[in-house]
Structure formats: structure tokens, C-alpha cells
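Working notes, beginning with the structure itself.
The values are calculated or read from the model by the stated rules, or taken from the named source; none is laboratory data. Only a predicted model underlies this, so the values are computations on that prediction, with no experimental measurement involved. All Cβ positions, even for glycine, are placed from backbone atoms using ideal geometry, and neighbour counts span all protein chains on display.
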């Protein structure tokens with residue numbers, strides 16, 4: 001084991017019982033054995049001292065609050081979607097809301113509303129002319145998620161452009177006085193003294209190489225820190 | 001997607017999930033009871049503050065309910081739920097830029113912040129759950145609190161939750177190499193911090 | 001004091017130059033292939049400013065395309081961008097980054113410090129494609145997480161935030177697999 005990183009990884013895998021298939025436990029020298037024991041001791045200590053489960057305070061109240069929030073959100077969404085029925089929706093979500101446990105009358109018609117909504121969405125997409133990316137031979141989007149609740153993610157495959165498109169609707173615009181600039185970078189794997197590295201080459205407007213920095217794979221080099229700052 | 005390490009009555013979960021997808025809030029209430037202590041425990045370890053852990057746990061469960069129509073059963077319900085809770089927590093931490101972390105992200109380093117800053121949770125705020133808090137646990141939690149969220153998440157998932165490397169990678173949506181790299185770093189840092197504490201005590 | 005500062009700066013500049021020279025030499029060795037045994041392919045990421053208006057070649061009335069880049073990649077994208085975003089017909093390349101994809105490590109694709117990508121390879125897909133986990137970052141915030149399967153010759157366009165009179169669009173494509 002000449003590469004110290006590989007040796008370290010092996011010790012952690014041994015300690016965690018996660019040796020790769022086909023790899024047998026090697027004989028370790030004293031130093032490695034001591035390191036392995038140290039890793040195992042830390043791991044055991046964490047497992048023993050830090051409980052996996054921590055019940056929230058007032059657990060029944062915790063649950064009822066979640067249910068109530070869901071009911072309120074559902075009622076609000078329905079109210080926004082169909083103003084004409086706002087009266088009945090509001091009644092269902094007010095003080096007459098069903099008890100936390102058990103199915104409530106308010107949700108008996110929810111599956112039907114969901115089905116109707118799904119049909120409407122499908123019809124809308126069909127009218128857009130965007131095919132399903134999964135069937136068109138283009139890029140497939142298994143999932144797309146925007147952390148900000150105000151941002152809507154729209155995905156479609158453009159047959160004309162032969163490209164998959166994701167559009168983030170509702171993103172806050174960059175201020176006009178902000179200077180958005182780009183850079184021309186090319187990164188290549190290289191073999192260095194410590195194993196694989198990445199060489200990042202920054203080019204100028206005339207194609208000249210301004211700077212090359214080398215970093216470990218998976219790490220952005222200080223180079224980017226200098227650029228972002 | 002790898003299966004979870006723990007058998008959590010997946011058949012019962014599947015039945016409850018099917019009912020939830022049909023709009024049965026009572027079934028969801030059951031699932032919340034089943035998993036709230038684990039989700040809350042994970043979030044509490046990450047944010048180290050009771051009030052925030054409470055709020056974020058609720059956010060996670062509400063978000064999971066809304067995402068249930070998209071759940072296809074490719075992973076266990078708990079793994080899927082855990083990922084949602086982790087994302088909710090991580091997004092919150094990123095926005096909060098919790099003080100007390102030496103660096104928020106291993107790639108984009110932030111200015112070092114005093115790890116003894118006052119925003120660390122006070123012991124008086126910990127819930128009175130009848131658990132005896134050992135001195136060792138306090139030391140461990142202090143040391144874990146000094147890790148960045150990236151490193152903290154990985155070491156807690158491995159050593160407290162007992163997740164396998166691939167499960168962690170799937171949950172964090174990163175590569176196995178990244179998981180290994182963060183785990184090594186986190187364990188090294190914890191060892192060093194605990195040794196320093198031993199010397200000063 | 002000024003003299004000692006200048007001496008330190010000079011020493012630093014020399015050291016940096018030495019690193020750059022040796023690094024450039026190392027890079028040249030691998031630049032031909034752009035890959036090694038650990039990489040799974042090459043990815044191209046670009047940041048484009050899309051504006052409404054009459055269709056035109058970007059080199060006519062905007063910043064010239066960097067001659068040091070593979071201009072054909074962006075030029076090929078322009079008509080496709082126009083079809084994907086019919087509201088925009090002018091496309092200006094702000095920055096581009098060509099990177100290797102590794103199975104074991106995350107990959108940062110940084111055509112701009114303002115909007116950039118973190119990509120994890122999830123392995124090859126049928127038809128020569130690549131399964132990815134992709135995050136779009138805006139400053140220090142993730143604005144999108146997605147799991148695309150990129151196919152050769154079929155890029156991914158990500159419509160981002162508006163800026164001034166246009167919209168920023170990110171282009172992601174497998175490199176070296178032109179259609």
C-alpha cells in the first residue's frame with residue numbers, strides 16, 4: 001500500500017466492515033493496527049454515546065401540528081386554485097377540520113381532485129408540444145428540485161432543439177448593477193507525485209494561457225477561491 | 001439504490017404509504033409516530049438547537065407529505081424521508097451559515113469563526129428527556145459541533161445511524177469518493193479535538 | 001518596510017510562476033486525451049446570456065467568441081438555444097469550462113463565478129450517455145438539484161435568473177460526442 005490515501009481508506013473500510021468485494025483484509029503493520037483500533041474506538045464511542053433517536057418534546061402535539069399544517073396548506077392551495085369553491089374549502093379547513101387521527105371528510109374527495117389535476121396537467125403538456133424526455137431519446141430528467149419554495153421547475157424535451165430544457169421560474173434576478181462575468185477554463189487529469197490530480201487552465205480573451213493550477217480531484221482549487229473573491 | 005441497513009417493517013410502511021398517497025392523513029400520522037424520533041434526532045445533531053430542530057422536523061414531515069405522490073418505492077420509505085429531512089436541514093444551515101463551524105463547505109472556505117461563539121446551544125436548552133448526559137457525550141457533541149455540516153452529516157450517518165457508505169452517498173447525492181473523503185477528515189478532526197480536550201482537562 | 005514587502009511579493013511571484021510552469025508542463029502531458037483511467041468522460045459547461053431580438057450570429061454584435069476556445073461547440077449551440085427558448089434570439093457566451101468527469105469524485109464546472117455547477121457521475125448510461133447528479137449553484141446557494149441522463153449530442157439547457165435585459169442560460173453537454 002504505497003499510497004497513503006489508499007492505506008487510510010482501507011483502514012476505514014476495515015473498521016466499518018465495508019471492504020470492497022474481492023478485497024481481502026491485508027496484514028497490517030503495528031502503526032496501521034493502532035490506527036485501525038483508534039478508528040474503531042471512535043466509531044464505537046459515537047455509537048454508544050449519541051442516541052440515534054431523540055423524541056421531540058410533546059410528541060402528540062408535534063404530530064397534531066404537522067397534520068394541522070398539512071390541512072391548512074391543502075385548503076389554501078385549493079382555495080387559490082378554485083376561487084368559486086372557496087366557501088366550501090374554507091369551511092372544511094376551519095374549526096370544523098377533522099381530528100388529527102383518522103381520515104377526515106375533507107380528504108375523501110382529495111384523490112378525485114388529484115386525478116383531475118393530473119389530467120389537466122397532462123393535457124397542458126400535450127398542448128405544449130413537448131414530448132416526454134424519457135421517450136424521445138434526449139436527455140432524461142429523473143428528478144429536478146429547487147430548494148426555494150418560490151421557484152418552480154419546468155422540464156421538457158425540445159424536439160426542434162434536440163435538447164432537454166429545465167427552466168427555473170420565479171428565480172430572483174441578478175441586480176442590473178452586478179457585473180456577471182465568465183471565464184474560459186479547461187481542466188485535465190494529470191498524474192502527480194501524490195496520485196491523480198486535476199490541472200485547471202485559465203485562458204484569456206486571446207486564447208493565451210493565463211494560469212494553470214493543480215488540485216486534487218473533487219476539490220475546487222484555491223484558484224476558484226481567487227476567482228470568486 | 002441500496003436498501004437500508006435496518007429492517008423497519010417495510011411491508012407495513014408500504015401499506016401506510018399507499019394509504020397516504022390516497023390522502024389518508026391518519027396513515028401519515030402513523031408514519032410520523034414511527035419515524036419522528038429518528039428524524040428529530042438527526043436534525044438535532046445537525047443544528048444543535050432544540051427549537052430549530054423542532055421546526056425543521058415539522059418542515060421535513062410536511063414536505064414529505066407533499067412529495068408523497070412522487071415516491072415510487074425504489075428506496076425504503078425511511079431512506080426517502082431521511083433524504084428529504086437532510087435536504088431541509090442542509091438548506092436551512094446554508095442559509096443560516098451557522099456560527100461555530102470552522103468552515104461551511106470544504107470547497108468554498110469561509111472565514112474561520114470562533115467555535116466558542118455564543119450561538120452554540122446552551123445546555124439548559126436541551127430537552128429534559130430523562131437521559132443522563134455524560135461528560136463524554138458533551139465532549140463528543142462539542143467536537144461534532146465544530147465540524148462543518150458536510151462533515152458532520154457524514155460522520156453522524158455512519159457512526160450514529162449506522163448507514164452504509166453507498167446509502168450515505170445516495171442520501172447526500174454525492175459520490176462514494178466524496179463520502180470517504182469527508183468521513184476520513186471528520187474522524188481525524190474528531191480524534192484530534194478529543195485528544196486536545198484530554199490534555200486540557 | 002516597503003522594500004521588504006516588495007521583496008516578499010517578488011518571491012511569491014517567482015514561486016507562483018514556478019508552480020504555473022511545472023503545472024503547465026504536467027497538463028500538456030494529459031491534455032491530448034483529457035482523460036485518464038479514473039475519468040469517465042468529458043463535460044462541457046457554458047454560461048450564456050440570452051436576449052430577445054432578431055436572430056444573429058453572436059460574433060456580429062457582441063463580444064467576440066474567445067478564439068482560444070472550441071468555438072464550434074458554442075456556435076453549434078446557438079441555433080438550438082434559439083429553438084429551445086423562442087423568446088430569445090441573441091446569445092452571448094460569457095464563459096465556458098471543459099472538465100473531466102470522475103466516478104469517485106465530484107466535479108466542479110465553473111464557467112462563471114456567479115453561476116456554476118457541481119456534478120457527480122453516477123456511471124454510464126445506455127447509448128453512450130452519462131447518468132449524473134447535477135447541482136446549479138448561484139454564489140453559495142444551490143438553486144437546482146437534478147438527476148439528468150445526458151446523451152451524446154443532446155445537451156441540457158438550464159434557464160436561470162434574469163439579468164439586465166436578458167436571461168442567463170447554462171449549457172451542459174457531453175464533450176467529444178458531437179452530432
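Could you tell me whether residue C:48 is modelled with pLDDT of 90 or more and closer than 23 Å to residue C:140 by Cα? Talk me through it step by step, then tell me what you get.
Values: modelled with pLDDT of 90 or more: yes; closer than 23 Å to residue C:140 by Cα: yes.
So residue C:48 passes the test.
Answer with yes or no whether residue B:36 is at the interface with another protein chain (Cβ under 10 Å from one of its Cβ atoms) and without any contact (Cβ under 8 Å) to a residue 60 or more places away in the chain.
Numbers: at the interface with another protein chain (Cβ under 10 Å from one of its Cβ atoms): yes; without any contact (Cβ under 8 Å) to a residue 60 or more places away in the chain: yes.
Answer is yes for this residue.
Give A:208, A:162, A:179 a once-over and let me know the one that is surrounded by fewer than 20 Cβ atoms within 10 Å (Cβ to Cβ), at pLDDT 90 or above and within 20 Å of residue C:112 (Cα to Cα).
Details: A:208 fails: at pLDDT 90 or above; A:162 fails: within 20 Å of residue C:112 (Cα to Cα).
Sole residue among the options that is surrounded by fewer than 20 Cβ atoms within 10 Å (Cβ to Cβ), at pLDDT 90 or above and within 20 Å of residue C:112 (Cα to Cα): A:179.
The residue that is surrounded by the most Cβ atoms within 10 Å (Cβ to Cβ), among those in region B:162-173 that are at pLDDT 90 or above and not in a helix (DSSP H, G or I), is B:163.
Taking strands (runs of 3 or more DSSP E) that fall entirely within region A:153-215, which contain at least 3 residues that are at the interface with chain C (Cβ under 7 Å from one of its Cβ atoms) and touching a helix residue (DSSP H, G or I) at 6+ places or on another chain (Cβ under 9 Å)?
Hits in region A:153-215: A:163-169, A:184-192, A:209-215.
Taking first residues from region A:201-214 that are outside the structural domain of residue A:191 (by TED's automatic domain parsing) and on the phi < 0 side of the Ramachandran plot and partners that are part of a strand (DSSP E or B) and modelled with pLDDT of 85 or more, no Cβ contact under 8 Å between residues at least 6 apart in sequence or on separate chains turns up.
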